[in-house]
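S.K.: The structure follows.
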Amino acid sequence: MNTDITVLGDYLPFLIPLIILQVILMLFALVKVIKRDSFKNLNKPSWILIIIFVNIIGPISYLVSEEYQ
């Protein structure tokens, strides 16, 4: 396995858009969770933890579950 730091430079053009997408999705979903009063599936602290710690899947799962409530 290559442990050279220059390998990161090869993947950086692919990682930067993913990181930006993750941050935008996380902020958007967190704002929607904070503004919402009641939840059908989970409570507010649970959704906040899921959105923050389950990278791209967490915000998407909240937004999808919000759509079907």
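S.K.: Out of (1) more than 23 Å from residue 15 (Cα to Cα); (2) part of a helix (DSSP H, G or I), what's the single condition that is false for residue 41?
M.R.: So the condition that residue 41 fails would be (2).
S.K.: Collect the residues in segment 24-41 that are modelled with pLDDT under 95 and exposed (fewer than 14 other Cβ atoms within 10 Å of the Cβ), keeping them in residue-number order.
M.R.: 34, 35, 36, 37, 38, 40, 41
S.K.: Within segment 19-37, track down each residue that is in a loop (DSSP other than H, G, I, E, B) and farther than 14 Å from residue 67 by Cα.
M.R.: Looking only at segment 19-37, we keep the residues that are in a loop (DSSP other than H, G, I, E, B), and these are 36-37.
Correct list: 37 only.
S.K.: Still on this structure, please answer the following. Conditions first: (1) over 12 Å from residue 62 (Cβ atoms); (2) surrounded by 11 or more Cβ atoms within 10 Å (Cβ to Cβ). Residue 14 passes all but one, so which condition is the exception?
M.R.: (2)
S.K.: For segment 51-69, which positions are open to solvent by 50 Å² or more (accessible area, probe 1.4 Å), part of a helix (DSSP H, G or I) and in contact (Cβ under 8 Å) with a residue 12 or more places away in the chain?
M.R.: 52, 60
The values are calculated or read from the model by the stated rules, or taken from the named source; none is laboratory data. Keep in mind that what you see is a predicted model, and the values were worked out from it rather than measured. Positions of Cβ are generated from backbone atoms using ideal geometry, with glycine treated the same way; all protein chains shown enter the neighbour counts. Quick note on the areas: whole protein, heavy atoms, side chains included, nothing else; ligands and nucleic acids left out. Shrake-Rupley method; radii C 1.70, N 1.55, O 1.52, S 1.80 Å.
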